[in-house]
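Asks: Here's a structure for you.
The values are calculated or read from the model by the stated rules, or taken from the named source; none is laboratory data. Keep in mind the model is a prediction, meaning the values are calculated, not measured. Neighbour counts are summed over all protein chains in view; Cβ atoms, including those assigned to glycine, are modelled from backbone coordinates with ideal geometry. For accessibility, only protein heavy atoms count, side chains too; no ligands or nucleic acids. Shrake-Rupley method; radii C 1.70, N 1.55, O 1.52, S 1.80 Å.
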Amino acid sequence: QVHVVESGGGLVQPGGSLRLSCAASGSIIKIFDMDWYRQAPGNPLELVAHVSTEGSTDYADSVKGRFTISRDYAKNTLDLQMNSLTHEDTAVYYCNASILSVASPGSYNLRSYWGQGTQVTVSS
């Protein structure tokens, strides 16, 4: 019943900006930690940014000062504001969230959910 969908990716020039969004929907009781990951072709999946249940944030060294992660508790959404983009930021970006949900009356699930990914391409 729970679905996680990213949006906002696209083609942008070096030095430009993009804002990615992630929306979770379904029979959600509570969302805990949320993360943005990315994967470039031939590279392993890497953690880009993290926001805790309480709202504290952490970033990969490569994006500190350029990216900002934020969440909207009421709307069950997650954003990633990306500024000063470079070629090295080109990747598929994935949203991940730990979600407690209702499977059926009296039955619950607590697990990690992944979005389908959104492509970000930084090129001249």
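Asks: Please count how many residues of segment 28-46 are open to solvent by 40 Å² or more (accessible area, probe 1.4 Å), within 17 Å of T86 (Cα to Cα) and more than 13 Å from the chain's Cα centre (by Cα).
Replies: 2
Asks: Are there any pairs, at least 6 apart or on different chains, whose C-beta atoms fall under 8 Å, with the first in segment 13-27 and loosely packed, with under 14 Cβ neighbours inside 10 Å and modelled with pLDDT under 95 and the second assigned to a loop (DSSP other than H, G, I, E, B) and among the acidic types (D, E), and if so, which?
Replies: Here the result reads none, with nothing in segment 13-27 linked to a residue that is assigned to a loop (DSSP other than H, G, I, E, B) and among the acidic types (D, E).
Asks: Yes or no: segment 87-107 includes at least one residue that is touching a helix residue (DSSP H, G or I) at 6+ places or on another chain (Cβ under 9 Å), surrounded by 12 or more Cβ atoms within 10 Å (Cβ to Cβ) and hydrophobic (A, V, I, L, M, F, W, C).
Replies: Looking for residues that are touching a helix residue (DSSP H, G or I) at 6+ places or on another chain (Cβ under 9 Å), surrounded by 12 or more Cβ atoms within 10 Å (Cβ to Cβ) and hydrophobic (A, V, I, L, M, F, W, C), one finds none in segment 87-107, hence no.
Asks: Do any strands (runs of 3 or more DSSP E) lying entirely in segment 31-124 carry at least 1 residues that are closer than 25 Å to V12 by Cα and without any contact (Cβ under 8 Å) to a residue 60 or more places away in the chain, and which ones are they?
Replies: Filter on segment 31-124 gives 46-51, 57-59, 67-72, 77-82, 91-104.
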